[in-house]
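Colleague: Here it is, the structure, as C-alpha cells.
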Amino acid sequence: MTTKEKEKVKKDDYEKALSAFDQAMKAFHKGDFTRAKELLKTFSDNFSSETELMDRARVYLTICASRQKKEKIQLTTFEDYYQYSIMKINQGDYEEALKSLGKAGEMKPKEGKIPYLMANAHCQMGETDKCLEYLRKAMQIDKFFSTLAQNESDFEPLWEDKKFKLITRMT
C-alpha cells in the first residue's frame, strides 16, 4: 500500500470515528444519556486509536454515568408539568416538553399558556401548521397571546408568514 493510500485509509477511519462520536453527542445533547453512553462505549471499542476523541469520550462517559444516577423528577401538579416543559423546551427536548404539556393541559384545559407553549415547541421543531393551530387555541383563551407571539423571538421565523399575521391580527 502506498503512502497516499495509507493516508486515505487513515482519513476515512478518522471521518468514521468523527461521525460515530457526533452521533453520541447528539444523543447527549438531547438528554438521552443512556443512548449516549451506549454510543460512546461502542465508539471506544471501535476507535480506541483516535486518542483525542477518546479523551473526550471518557469525559462524556463519566458525565453520562453521573446524570443517569440522578433521581427521577416526580411530576404531580399542573405547575410541575408546566415548569418541567419549560425546562425541556430550553434544553431543546421538544418531544418531552409536548408530553409534559399534554399532561398539564389535561389538568387545566382552559389554561392558555399550555397551547401557547405547545405552539412554541412546534415552531422550534419547524412544524408550522401545528404551531399555528395551537397558537390559535391559546389566543381563543386569552387575546394577550397574540401580542406575546408577535414579540416572542421564538416565533420570529413566522413573523412574515401570512397565516401567522392573519391569526395574530384576528384577535
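Colleague: Between residue 110 and residue 52, with labels modelled 7 Å along Cα→Cβ, what's the label distance in nm to one decimal, could you check?
Modeller: The two pseudo-label positions are separated by 6.1 nm.
Colleague: With charges only on Cβ, +1 for K and R and -1 for D and E, what is the dipole size of the chain about its Cα centre, in debye, rounded to 20?
Modeller: 240 debye
Colleague: Run lengths n ≥ 4 of DSSP H only: what is the helix-derived mean residue ellipticity at 222 nm for the chain, with -39500 (n - 2.57) per run over all residues, to the nearest 500?
Modeller: -25000 deg cm²/dmol
Colleague: I would also like to ask the following. Using Cα pairs closer than 8 Å and at least 6 residues apart in sequence, work out the relative contact order for the range 78-170, in percent.
Modeller: 21 percent
Colleague: How many nm is it between the label spots at residue 66 and residue 10, if each spot is 7 Å from the Cα in line with the beta carbon?
Modeller: 3.5 nm
Colleague: Of 1, 116, 78, which is farthest towards the positive pole of the range 1-130's charge dipole, taken about the Cα centre with +1 and -1 on the beta-carbons of Lys, Arg and Asp, Glu respectively?
Modeller: The one lying farthest along the dipole's positive direction is 78.
Colleague: Looking at the chain, which Cys residues are left with no other cysteine's beta carbon under 4.7 Å from theirs?
Modeller: 64
Colleague: If you place +1 on the Cβ of every Lys and Arg and -1 on the Cβ of every Asp and Glu, how big does the dipole about the Cα centre of the range 78-170 come out, in debye to the nearest 20?
Modeller: Dipole magnitude for the range 78-170 comes out near 460 debye.
Colleague: Still on this structure, please answer the following. In whole angstrom, how far apart do the alpha carbon centroids of the range 93-171 and the range 27-43 sit?
Modeller: 31 Å
Colleague: Let me ask something else about it. Please give the contour-minus-distance gain from residue 103 to residue 1: 0.36 nm per residue of separation, less the Cα-Cα distance, rounded to one decimal in nm.
Modeller: 30.6 nm
Colleague: Report, as a whole number in µm² per second, the diffusion coefficient that Stokes-Einstein gives for the range 1-153 at 25 °C and 0.890 mPa s using the Kirkwood radius over alpha carbon pairs.
Modeller: 134 µm²/s
Colleague: If you project the alpha carbons of the range 3-69 onto their three principal axes, what span does each projection cover, largest first, in Å?
Modeller: Here the Cα extents, ordered largest to smallest, are 47, 18, 14 Å.
Colleague: Sticking with this one: Set the Förster distance to 30 Å, then compute FRET efficiency between residue 87 and residue 159 from the Cβ-Cβ distance, nearest 0.05.
Modeller: Computed FRET efficiency for residue 87 and residue 159 comes out at 0.70.
No lab work stands behind these numbers, since they all come straight from the coordinates. Note that the coordinates shown come from a computational prediction; the quantities given were computed from them, not determined experimentally. No Cβ is skipped: glycine too gets one built from the backbone with ideal geometry, and neighbour counts run over all protein chains shown.
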